[in-house]
Amino acid sequence: MNVSEKRFSMKRASSRNQISVGVSGRSAVLAVTIIGWCVAIHGAEIHEAAELGDLERVKAYLSQDPKQIDLVDAKGQTVLERADRSGKQEVVEFLLARGAKEDIFAAAAVGHVDKVAAFLKQDKKLLSARDGGGKAPLHWAALYGQTKVMELLLAQKADVNLLDGDGFTPLHWATTFNKRDAVELLLAHKANMNIKVEKYGWTPLRLAVIHGHLEAAEALLNGGSDPNVKDDQNIPLLHQAVIRGNKEMVALLLDKKADVNKKDSDGDTPLDEAVEQGNKEIIELLRQHGAKGK
């Protein structure tokens with residue numbers, strides 16, 4: 001068994017799952033005025049700062065030129081949208097307080113229930129509207145754990161299993177950010193807890209395990225998520241927790257009846273993985289539950 005390859009595979013899959021994506025190197029800013037809007041190329045400093053969640057840089061740029069608050073980049077995204085889609089709530093709230101133009105996605109993300117209701121009153125179609133990344137308002141509310149907004153959207157029949165541009169449902173996003181209340185609310189509305197992101201084979205529970213989110217994982221397992229599901233790399237969840245040295249997650253999965261001797265594609269059990277890593281505490285925990293190795 002090549003453990004280093006497996007770890008790399010896990011890290012690569014995990015990194016693809018992060019909500020905050022990497023940005024290219026800074027490029028020179030070229031701005032032109034079009035119908036009163038400032039348009040900047042992708043990589044404009046304030047957009048980059050917003051996407052990275054660097055609030056102090058955002059403040060500095062707006063101090064230099066307040067009009068930058070509504071700059072749009074080459075893809076038509078505002079500073080607010082870049083912060084919003086990257087999950088940078090502190091920056092989002094700051095921009096809104098400074099007067100950034102708010103749409104239904106931003107309103108859902110920061111929990112402005114009245115504004116979301118007003119948007120829907122104006123146009124019911126906004127319930128299923130998509131932003132540049134394919135996310136609907138429910139995705140954003142779930143990502144930030146805005147349960148009051150979620151209740152409003154779900155009461156108006158928002159699709160609880162709607163896929164965004166990356167193949168994520170609202171439940172995937174609530175899990176990724178460990179929003180237990182949001183997870184439980186979605187499950188109460190019959191969200192599919194075992195749905196996989198088609199491209200990677202990730203279930204919500206798999207995301208909870210690789211991120212070490214115990215609260216979200218417990219909510220999913222209590223709701224009936226399968227602790228023995230494998231991803232597209234044929235790696236069971238218990239192996240994932242062992243590989244990451246997460247004793248608490250291992251204990252939770254075992255408590256929820258994960259198969260302690262389930263083998264991966266290399267024929268290794270969780271105990272084999274723990275022995276390879278020399279994690280004595282996890283080795284002992286697994287053996288207490290009847291684990292066997294080669």
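Once the range 87-136 is narrowed to residues that are in contact (Cβ under 8 Å) with a residue 24 or more places away in the chain and of a type in the set (Val, Ile, Thr), the residue that is surrounded by the most Cβ atoms within 10 Å (Cβ to Cβ) is 116. Residue selection: residue 214 satisfies the criterion of being among the aliphatic types (A, V, I, L, M) and either under 28 Å from residue 169 (Cα atoms) or touching a residue at least 40 places away in the same chain (Cβ under 8 Å) (or both). Looking only at residues of the range 137-187 that are part of a loop (DSSP other than H, G, I, E, B) and touching a residue at least 40 places away in the same chain (Cβ under 8 Å), we find that the one that is surrounded by the most Cβ atoms within 10 Å (Cβ to Cβ) is 144.
For the residues 95, 62, 71, the requirement of being of a type outside the set (D, E, K, R), in contact with a Lys or Arg (Cβ under 7 Å, 6 or more places away or on another chain) and over 20 Å from residue 138 (Cα atoms) singles out 62. Among the residues of the range 267-284, those that are part of a loop (DSSP other than H, G, I, E, B) and loosely packed, with under 15 Cβ neighbours inside 10 Å comprise 267, 278. Would you check if there is a residue in the range 199-214 being closer than 29 Å to residue 284 by Cα, surrounded by fewer than 21 Cβ atoms within 10 Å (Cβ to Cβ) and in contact with a Lys or Arg (Cβ under 8 Å, 6 or more places away or on another chain)? Yes; the residues of the range 199-214 include at least one that is closer than 29 Å to residue 284 by Cα, surrounded by fewer than 21 Cβ atoms within 10 Å (Cβ to Cβ) and in contact with a Lys or Arg (Cβ under 8 Å, 6 or more places away or on another chain). When residue 169 is tested against the conditions (1) at pLDDT below 95; (2) closer than 22 Å to residue 211 by Cβ, the lone failure is (1). Of the residues making up the range 227-262, those that are in contact with a Ser or Thr (Cβ under 8 Å, 6 or more places away or on another chain) and within 17 Å of residue 287 (Cβ to Cβ) are 260, 261, 262.
The values are calculated or read from the model by the stated rules, or taken from the named source; none is laboratory data. This structure is a prediction, so every number in the text was calculated from the model and none was measured. Quick reminder, even Gly has a Cβ in these numbers, built from the backbone with ideal geometry, and neighbours come from all protein chains shown.
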